[in-house]
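These notes concern the structure reproduced below.
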Amino acid sequence: MRFGYILVLACLLTGALGCGGPQASLVYSFEELECMSCLSSVAHELSERPGVEQAKTDKNAVSVRVTYDASVATPRGLDEVVQAKGFPWSRERAQGSWAPEIPFPESLDVQKISLAGEEVELAAHLAPGKVTVFDFFAAWCGPCRVVTHEIKQIMLARDDVALRKVNIVDWDRPVVRQHLQGVTNIPHVLVYGPDGTRVAAITGVKKDALRAAIEQAGGSAPAPSSEESEP
């Protein structure tokens, strides 16, 4: 009898698997999610729910798999946690999606030079006579969207800037080994002058530094007016 009490107490203190009721799992997928931190926040909230044993994110599927004790947690209760986060979600689809990239007018000099993290020679994509900005990003990177939007606003205000987008997809891709050695975060932006000389390397959301680097590379330009700016 004493052993039984000890076992129950150990289960309560450690939350060990196999001590509770039947184990079950659910997968929540999300549509047009804007950031990996958004997905992680859902997993964190679910992991705090009584009875939840694990909430694991899947970056490629844009989903969270929840393993829980069915005698404590219920699908309805878990649904309420996910619903409260405010992101479009489903338990019917196995595959979610990241938000689409920020669109650019066709009149702007924008090219995607690495679509799936493959190697790319940057020198081959410099725009002669222009400031060339290489934007290393990923679909799951929320801060990348902020920087891309800032670059767009700069390009709407001046016609001497070209953008070359490099989709790293994930940190294990060849383009990361080729160009991002020692870089631990994205967004990561490289700015080259019209003569092909690198002027700056900027990691993170640093709008002032980005504008300063472009001005240094190509000369100052007026800030965009309300008519020139786009949301």
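Computed quantities for the displayed model
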| quantity | calculated |
| --- | --- |
| Helical segments meeting 30 Å axial Cα length and Kyte-Doolittle 1.0 threshold in the chain (DSSP H) | none |
| Chain lengthening between LYS59 and ASP172 when straightened (0.36 nm per residue, less Cα-Cα) | 39.4 nm |
| Evaluated at q = 0.10, 0.12 Å⁻¹: base-10 log I(q)/I(0), Debye formula over Cα of the chain | -0.60, -0.75 |
| Cα-based Lys proximity count in the chain, under 20 Å, for pairs eight or more positions apart or on separate chains | 13 |
| Spin-label proximity, ARG93 to region 45-67 - amide N less than 19 Å from point 7 Å beyond Cα toward beta carbon | 57-66 |
| Fully extended contour minus Cα-Cα distance, from SER47 to GLN153, at 0.36 nm per residue | 34.2 nm |
| Rg/Rh for region 110-218, where both radii come from Cα atoms and Rh is the Kirkwood radius | 0.93 |
| Order of CYS35, CYS141 - criterion: other Cβ atoms within 10 Å of each residue's Cβ, fewest first | CYS35, CYS141 |
| Relative contact order %, region 110-218, counting alpha carbon pairs below 8 Å whose residues are six or more apart | 36 |
| Cβ-based exposure ranking for LYS59, LYS112, LYS165, in which fewest neighbours within 10 Å come first | LYS112, LYS59, LYS165 |
| Other-chain or far-sequence residues with amide H under 5 Å of ALA162's (modelled H) | VAL131, THR132, VAL133 |
| Exposed GluC sites (Glu not before Pro) absent - longest run of the chain, DSSP non-H/G/I/E/B, at most 10 other C-beta within 10 Å | 122-226 |
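Quick note: the coordinates plus some simple rules give every number you see, no bench work behind them. Note that the coordinates shown come from a computational prediction; the quantities given were computed from them, not determined experimentally. With ideal geometry, Cβ positions are generated from the backbone for all residues, glycine too; neighbour counts draw on all protein chains shown.
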